[in-house]
1. For the stretch 92-164, count the residues as N, evaluate 2.2 N^0.38 Å, and divide the Cα radius of gyration by that value, please.
2. When the convex hull of the C-alpha atoms of the stretch 269-367 is computed, what volume per residue in Å³ does it have?
3. How long is the stretch 388-451 along each principal axis, judged by its Cα atoms, biggest number first, in Å?
4. For the stretch 307-461, what % of the accessible area comes from carbon and sulfur atoms, probe 1.4 Å?
5. How big is D, in µm² s⁻¹, for the stretch 273-313 by Stokes-Einstein at 10 °C and 1.306 mPa s if Rh is the Kirkwood radius over C-alpha pairs?
6. Can you give me the convex hull volume of the Cα atoms of the chain, divided per residue and expressed in Å³?
7. Could you tell me what % of all Cα pairs in the stretch 329-446 have separations over 21 Å?
8. Given N residues in the stretch 69-122, what is its alpha carbon radius of gyration divided by 2.2 N^0.38 Å?
Amino acid sequence: MPAPRTEGRRAVLLALALLTVEFLAGMQRYLSQTVLPLLARDLDGAHLYGPLDAAAQAPLFLTLPAGAWLLSRVPVRTLVLAFTLITVLGSVICALAPTMPAFIAGTAVRALAAGALATISLGAISRGLPSRHRQLVLAGMSGVWLLSSTLGPVYAATTASLLGWRWAMVAYLPLLVLARWAVARQFPPEAEQGPTGETVPWRWAVVLAAGSAILALPVDGASMLAVALGAGAMLWATARLLPPGTARAHGGRRAGLMALGVTAAAYFGATMVLSVVAHDGLGLSTASFAVVIAAPGVAWALTGLWTGAHPALSDAPFARRSGRAGAVLTGGIVVLLATTTLAPSSSVAFVGLLVGATLAGLGMGALYPDLLGRCLTPPEHDDGITSDRIAGAAVLVESVGMAVATTAGYAFLGTGFGLGSGVADRSPWLYLALTVVALLMLHRLRAAARPASAQPLASTG
């Protein structure tokens, strides 16, 4: 049996490696955003942005459900190293791509690895770290995204200007391989065995990926139908992939999963479209809307550092904090609604969007680490969900909530679904709908604060 000092050292090294991986994941996201117009120009592929977005999303949702199954049967170190090699292969295909279709193929390969790795990484946090280390890592992840949002574009722009965008796609890979190897090295070779006879839910994974592709592909006048079909398919598949009873849960970790999905939809739906709302709808300059779109991420990162370091996971403290944080997030969306509806000038619009976006980020930072930690922490009485299953379910509901809300939001702002003649007219309708989603979020957060018995919390004053 390993000595406590050895176990503590292993936990610290694993935590540092996981934070490094999260930092590089953030770098990867900003890298892709930064070099996109450069590669589209060189490969004459600006007309293929839609298929590129589909290639980045659909394969991810195809392999997300397989992650938990693999975790329960294959050693973590084997999975991490195998999917890291697939990530490297996809990046190399992108860097060497002679045409836009070839770049899209490389993107699809990277997305296949990303779907499984998202579950594997969260499973590593859930299974491989003690409770205190787990919460500190969740807090630290907020902080590293603050660094990623700053250093990612700098790395991408600098490397692309000096060596070209192709080198920017691969220059960071040695550090990524080293960090993933460090994660793999901390795990024993044994896998956590899942239920006998359980198989990969490929049928539902295919439905999930198909729904994502329908959402992401450009469909012009049929956008409303595409959003309805794609979102319906994704939500249907998600319900079948989650632990039994999740959709009807009134307490415990199952209710926490539902709250996590709705929270992701409310926050990302409100903030990811801010650049379009600010520039196309309210006429803000590039410098002004750059500040607006950075505000929620910075607020989340700073608040999340404190929240994760001071967790409130038991029922009553979580109820109080999640109620306050959810109210702040909802308040931010209401401010965005008021701004898009009433702002008389671009200067007033800038202030309103900045305040609304910042409030949304503060609420998310105060809520997310506790909500995710509550989902990952095993309850006092066994609820029948393994650590690998809960990790996969958490990644799934968050990813689906974000994808459905953001893609539907972009589609509505672009086409209107028959409402409004432009982004300025459509933005209030969007934030009105997101206010309804935020109210649903508050309802689900109250359920998540109850124990699995679904009994209401006693009054805590």
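1. That works out to 1.49 for the stretch 92-164.
2. Cα-based convex hull of the stretch 269-367, divided per residue, equals 77 Å³.
3. 47, 23, 14
4. Within the stretch 307-461, the accessible surface is 66 percent carbon and sulfur.
5. Diffusion coefficient, whole number: 137 µm²/s.
6. Numbers: hull volume 65.1 nm³, N = 461.
Hull volume over Cα atoms, normalised by residue count, gives 141 Å³.
7. Values: 3407 of 6903 pairs.
Pairs farther apart than 21 Å: 49 percent.
8. This ratio for the stretch 69-122 stands at 1.24.
The values are calculated or read from the model by the stated rules, or taken from the named source; none is laboratory data. The shown structure was predicted, so the numbers you read here are calculated from the model rather than taken from an experiment. Every residue, glycine among them, receives a Cβ derived from its backbone with ideal geometry; neighbour counts consider all protein chains shown. The protein model used for the area step is the full one, side chains on, heavy atoms only, and it has no ligands, DNA or RNA in it. Shrake-Rupley method; radii C 1.70, N 1.55, O 1.52, S 1.80 Å.
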